[in-house]
1. Can we say residue 31 is at pLDDT below 95, surrounded by 12 or more Cβ atoms within 10 Å (Cβ to Cβ) and small (Gly, Ala, Ser)?
2. Residues in segment 63-83 that are of a type outside the set (A, V, I, L, M) and within 12 Å of the chain's Cα centre (by Cα): how many?
3. Of all residues in segment 73-99, how many are at pLDDT below 85, surrounded by 10 or more Cβ atoms within 10 Å (Cβ to Cβ) and of a type in the set (A, V, I, L, M)?
4. What about residue 70, is it of a type outside the set (Phe, Trp, Tyr) and surrounded by 12 or more Cβ atoms within 10 Å (Cβ to Cβ)?
5. Quick one: which of 34, 13, 85, 21 is touching an Asp or Glu at 6+ places or on another chain (Cβ under 8 Å) and in a helix (DSSP H, G or I)?
6. (1) exposed (fewer than 15 other Cβ atoms within 10 Å of the Cβ); (2) of a type outside the set (Lys, Arg); (3) modelled with pLDDT of 90 or more: which one isn't true of residue 13, the others all being true?
Amino acid sequence: MVASHVEMTDTAESIVLAMCERMEALAAAGAWDEVEDIALRLRHAVMEIPEADRRSVLLTAQRSTAKVAAGAKIARQTVTAKISELRRGQVAKKAYELR
């Protein structure tokens, strides 16, 4: 049995698409520092794509960043709600202590 050996070369387009997938996965995991890093690298990677081929990849990247932004908004709302809850608890505790 002879195994075929396929040479894989990464194109600028495939790199950007892989970065989009990775960014979405990191956002889903809540790894926001890493998401920010990939977002910065993604901007540079897009510019490596020939201008004539850039439109479809840009649309995919735009959809990906929109998903990530929506996830970030939900995460921020969750954190804000938890902080508000903690503050209410602190206020209640102080009020109880002053009785």
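1. So residue 31 fits the description; yes.
2. 6
3. 2
4. It is false that residue 70 is of a type outside the set (Phe, Trp, Tyr) and surrounded by 12 or more Cβ atoms within 10 Å (Cβ to Cβ).
5. Testing whether each residue is touching an Asp or Glu at 6+ places or on another chain (Cβ under 8 Å) and in a helix (DSSP H, G or I) leaves just 13.
6. (1)
The values are calculated or read from the model by the stated rules, or taken from the named source; none is laboratory data. Keep in mind the model is a prediction, meaning the values are calculated, not measured. Methodologically, a virtual Cβ is constructed for each residue, glycine included, from the backbone with ideal geometry; neighbour enumeration extends over all protein chains shown.
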